[in-house]
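Below is one structure; the comments refer to it alone.
What follows is calculated from the coordinates using simple rules that are stated; it is not laboratory data. What you see is a predicted model, and the numbers here were worked out from it, not measured in a lab. Every residue, glycine among them, receives a Cβ derived from its backbone with ideal geometry; neighbour counts consider all protein chains shown.
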Amino acid sequence: MNSPPLLDRITQVRAFNRLYTGLIGVLEEGLVGSDYSLGEARVLYELAQEGVTEVAELRRRLDLDPGYASRLLGRLESRGLLVRERHETDGRRQLVRLTEAGRAEQQVLEDRTIEQIGKLLSRLTDDDQHRLVTSMRTIRHLVGEREPAPALVLRPPRPGDFGWVVQRNGAVYAQEYGWDATYEALVARIIADYVEHYDPAREAGWIAELGGERVGSVFCVRGSDDKTAKLRLLLVEPHARGRGVGKRLVDECLAFARAHGYTAMELWTNSVLAAARHIYRRAGFELVDSQPHHSFGHDLVGETWRREL
């Protein structure tokens, strides 16, 4: 028997399904105002946009049983949109290709689909568009076919990124360690000081992205003297851990410090942050001091780590 929490989640998934099928018009007789069903439109798309040429591959991609696939292809073939033929050297393999009329019809469907989705997105702000696309990417990752790992990109912070760093630090540390809002206030002060007194010759920050989604950050700032840099606010989103994001951010920070005349780097962290401490140790940092303190609603042990460059 399904538990109450699972039943509630099932209800939420079904509600989302009803909403989304209504938004894209799946239940209408023709997709995006055309004469084609969703299945027919997907066949045309796979043949035109994805370069599929074999019926077996088409069936695999669309998860179609042989009978239904044959009927779909038959309807489209009867309308002069595609042709089926046997492979020249292997009669067991059936090939399929679009005719010129089929390519023209698929392009009309493509244009109408882009217009429909564009109208949907235009109702949202840029931030809400980003939230929507990120959520859809998460759904695809969790329940869809696994895609190749997206490339990790590091870039300088842009307007809007600084607020994201504050918000995500506050949210992640509250969720994982129960830290209160005073930690978010500390991060906000660090960020405000960085932005107001930014010196590009001695300081830098990086935002890590995976597939266009922000997943991490770090900053290199002046330390206690002109020869010591300070690493601050290393953050990696929970779902992006294990992909080398933290290591890459720390390595970038170290490389910047070396290139800009620093001879050492320090950082301050807390003993409970095991994953971050592991990254620092592997990057060559050594623990040089530790002090108990009460901050962010908890009794903690603050640690200073250092390495020569």
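Key figures
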read-out	value
Cα gyration tensor shape of the stretch 221-309, rounded if a/c is under 1.5, else prolate or oblate by comparing a/b with b/c	oblate
Shape category assigned to the stretch 100-150 from the gyration tensor of Cα positions, a/c cut at 1.5	oblate
Computed [θ] at 222 nm, deg cm²/dmol, the chain (DSSP H ≥ 4; -39,500 (n - 2.57); rounded to nearest 500)	-16000 deg cm²/dmol
Coil-residue trypsin sites (Lys or Arg not before Pro) of the stretch 109-181, DSSP, other Cβ within 10 Å capped at 13	ARG123, ARG146
On Cα atoms only, tilt of 100-122 relative to the major axis of the chain in degrees	40 degrees
Selection of GluC sites (Glu not before Pro), the stretch 39-105, meeting DSSP coil and at most 15 other Cβ within 10 Å	GLU50, GLU88
Computed over the stretch 65-181: relative contact order in percent, which uses C-alpha pairs under 8 Å that are six or more apart	11 percent
0 to 90° range, to nearest 10: angle between helix 161-177 axis and the chain longest Cα axis	80 degrees
Rounded if a/c under 1.5, otherwise prolate or oblate - the chain, Cα gyration tensor axes	prolate
Cα centre as origin, Lys/Arg/Asp/Glu Cβ charges: the chain dipole, Debye	580 debye
Angle between the chain longest axis and helix 126-143 axis [Cα atoms, degrees, rounded to 10]	70 degrees
Percent RCO, i.e. relative contact order, over the chain, from Cα pairs under 8 Å lying at least 6 residues apart	10 percent
Mean Cβ count within 10 Å, highest first, over the residues of peptides 154-163, 239-248	239-248, 154-163
Extension gain from HIS87 to VAL288, taking 0.36 nm per residue of separation minus the Cα-Cα distance	65.3 nm
Local net charge near ASP289, Cβ-Cβ under 13 Å (Lys/Arg +1, Asp/Glu -1)	-2
